[in-house]
Amino acid sequence: LSEARWQRRCRGGPRSPRDVTLPRAVSPHGAGAAVTQKSAERLRNSRAAVAVVGCCHGALDKMYETLELLQRRHNVWPDLLLCCGDFQAVRNEADLRCMAVPAKYRHMQTFYRYYSGEKKAPVLTVFIGGNHEASNHLQELPYGGWVAPNIYYLGYAGVVRFRGVRIGGISGIFKSHDYRKGHFECPPYNEQTIRSAYHVRNIEVFKLKQLKRPMDIFMSHDWPRSIYHYGNKEQLLKMKSFFRQEVESNTLGCPAATELLQHLKPTYWFSAHLHVKFAAFMQHETNSKEELPKTTKFLALDKCLPHRDFLQIIDVEHDPSAGDSLEYDAEWIAVLKATNSLINVTPRSWNMPEKNGLHAKWDYSVTEEAIKEVLEELNHDLKIPCNFTLTAACYDPSKPRKNMEPVHTINPQTTEFCAQFGLTDINDRIQQAKEESSGRGECEEEMDSPGSAEEPSEYNTDNSGLSSFNPDEIMLDEEDGDEDLSTCSVDPSPDHPPEFSTSFSDIRIMPDSMAVSSDDATDSNNEELEKSGGSKQVEEKSPTERSLKRIGADENGNSGVKKIKRRNQAIYAAEDEDKTD
């Protein structure tokens with residue numbers, strides 16, 4: 001697709017007399033989903049129809065019901081569903097305690113029904129983690145794995161294949177003061193580690209930068225920094241004026257994701273987090289005049305709420321001879337094996353190897369021989385085994401357990417994966433480190449050290465410790481600060497009532513191609529993007545909720561001076577405050 005066509009395809013509104021706009025009608029969730037006439041025809045017969053969702057926030061029922069609506073209206077059913085974070089795979093009340101949201105916004109939602117087997121995802125679903133997750137659950141699967149039948153988590157970072165389409169992703173959001181640390185956190189978390197657990201680490205970025213083969217699709221929760229310069233930036237700022245300071249200073253988004261974007265140059269890059277739909281088209285630089293430049297089509301999507309642009313369906317080129325199962329990526333497995341010695345499970349900061357005279361080895365990319373060895377180990381059968389295992393009790397609405405404590409669990413899927421490929425089980429290593437430090441009588445605070453935002457960052461424009469004004473955020477006052485992290489609610493979320501409400505669909509059919517100039521794609525005076533609400537997540541400078549009780553520790557946690565803390569109101573508020581046209 002050209003830049004103009006990509007921008008057009010991602011729009012949700014009528015653009016010419018040839019458009020056929022569906023009337024607003026009753027739908028399960030007032031979905032904001034865009035399909036084109038030509039794409040609808042291709043998708044009916046295509047084996048590589050991919051649905052992409054922004055922030056799910058635990059609304060699995062609504063997400064899948066939206067797909068069913070598309071099928072009824074357009075006879076379109078995707079072969080694969082991708083979710084760009086904040087999936088919220090909450091199994092029980094203990095998982096709720098491990099989700100970094102204010103206690104009054106902790107709701108069970110519907111994932112537990114898929115975990116228990118009461119329901120099954122109707123389409124293969126692959127997701128990455130965001131900054132509002134049941135971190136204890138996802139931590140069980142650092143290399144990825146099944147969180148429920150037909151629902152696959154990519155891990156801290158991961159690459160898989162589906163019908164020949166190569167899909168990669170990185171979980172979490174960027175915070176400079178945790179970026180160079182190892183994955184040391186484990187449940188029960190304290191008031192610092194419940195947040196640092198979902199922060200991106202340099203080792204994951206380093207692993208992904210060892211990849212050489214082409215990437216078709218990549219997902220991140222954070223936006224890559226600077227991507228807004230490749231789309232309709234002025235229109236974005238009209239919808240989200242509170243982004244202006246960071247956009248103008250080029251500090252909005254994740255600098256590590258930008259590194260990956262420039263290295264991987266994927267055909268598609270999908271993100272969420274900022275709760276606004278935004279399309280961009282980036283042409284990468286080439287190393288020589290003879291080389292054709294690669295392009296990346298970027299799309300960020302909104303959160304799963306009525307009348308919001310949270311879902312998009314695309315069709316991608318695929319290998320017709322490939323199977324229907326999710327498969328390992330041989331090069332990624334080889335990279336995991338090559339970088340296994342770099343694993344760090346301590347809160348101490350360290351840098352990845354680089355060509356600076358301080359490291360004997362800095363290139364961990366793999367040879368074709370190493371990839372061939374992986375294939376031979378698997379007997380050329382790359383199919384990911386369907387070895388989902390229950391590792392925690394499932395929520396029972398008839399028998400709520402509000403005092404259920406989170407525990408550190410080693411998942412059999414991870415044990416099997418590590419044994420098969422000779423990798424370090426990160427959770428097992430964390431447990432060993434805890435036992436060794438306990439045996440030496442070391443203070444547990446050292447293990448849980450949250451670090452300091454004053455630590456130097458390797459990114460010159462890093463502002464992860466800063467925050468711009470965001471009208472969608474609320475200040476947590478003294479009353480909110482006194483809420484115990486262990487408090488949770490098992491009632492249905494007010495955002496997602498158990499019964500369907502009468503809301504209206506925003507699904508439109510548009511022609512696949514239109515005669516427009518590329519200038520129109522970025523001219524904010526002549527073009528009108530589909531408006532959607534949302535807000536930027538801003539990490540608070542210091543947590544104020546009471547820490548979780550730790551075994552062998554007191555209940556005081558790491559107290560400090562009370563500071564104002566921000567949270568995103570729009571994500572969890574019962575009534576959506578955003579105004580859309």
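Taken together, the values in this text are just the output of simple stated rules run on the coordinates, not laboratory data. Keep in mind it's a predicted model, so treat the numbers as computed, not measured. Note: ideal-geometry Cβ built from the backbone for every residue, glycine included; neighbour counts use all protein chains shown.
Residues whose amide H comes within less than 5 Å of that of Gly169, counting only those at least five positions distant or on another chain, are Gly158, Met219 (H built at 1.01 Å from N in the peptide plane). Computed from the Cα positions only, the extents of segment 262-411 along the three principal axes stand at 66, 43, 42 Å, in decreasing order. Phi angles across segment 418-435 convert, under the Karplus curve 6.51 cos²θ - 1.76 cosθ + 1.60 with θ = phi - 60°, into 3J(HN,Hα) values of 5, 5, 5, 10, x, 9, 7, 7, 4, 5, 5, 5, 4, 5, 5, 5, 5, 5 Hz, Gly and Pro given as x.
Local charge for Ala392 was computed over the other residues whose Cβ lies under 13 Å away, with Lys and Arg +1 and Asp and Glu -1, and equals -2.
Close amide H contacts of Glu133 (hydrogens built in the peptide plane, cut-off under 5 Å, sequence separation of 5 or more or a different chain): Ala100. Rounded to whole numbers, the Karplus 3J(HN,Hα) couplings from phi for segment 389-404 are 9, 5, 10, 8, 5, 8, 4, 10, x, 7, 9, x, 10, 5, 9, 5 Hz, using 6.51 cos²θ - 1.76 cosθ + 1.60 with θ = phi - 60°, and x at Gly and Pro.
With a/c under 1.5 counting as rounded, go ahead and sort segment 45-436 into rounded, prolate or oblate using the C-alpha gyration tensor (a ≥ b ≥ c being the square roots of the eigenvalues; past the cut-off, prolate if a/b is larger than b/c, else oblate). Walk me through the intermediate numbers first.
Working: a/c = 1.20, a/b = 1.04, b/c = 1.15.
Cα axes put segment 45-436 in the rounded bin.
Charge tally for Phe421 (other residues, Cβ to Cβ under 12 Å; Lys, Arg +1; Asp, Glu -1): -3. Each residue of segment 74-82 is assigned a 3J(HN,Hα), and the resulting list reads 10, 6, 10, 9, x, 8, 8, 10, 10 Hz, derived from the Karplus form 6.51 cos²θ - 1.76 cosθ + 1.60 (θ = phi - 60°), x at Gly and Pro. Highest average first, the peptides 360-370, 210-220 ordered by how many other beta carbon atoms sit within 10 Å of their residues are 210-220, 360-370. Of the beta bridges in segment 254-388, as assigned by DSSP with both residues counted there, near 65 percent are antiparallel. Counting charges near Phe218 (Lys, Arg +1; Asp, Glu -1) among other residues having Cβ under 14 Å from its Cβ returns a value of +3. With contacts taken as Cα pairs under 8 Å at a separation of at least 6 residues, segment 45-436 carries a relative contact order of 21 percent. Here is the link list: Lys175/Lys277; Lys240/Lys402; Lys181/Lys434; Lys240/Lys297; Lys238/Lys294; Lys181/Lys361. Which ones come out longer than 28 Å on Cα distance? Among Lys175/Lys277; Lys240/Lys402; Lys181/Lys434; Lys240/Lys297; Lys238/Lys294; Lys181/Lys361, the Cα-Cα distance tops 28 Å for Lys240/Lys402; Lys238/Lys294.
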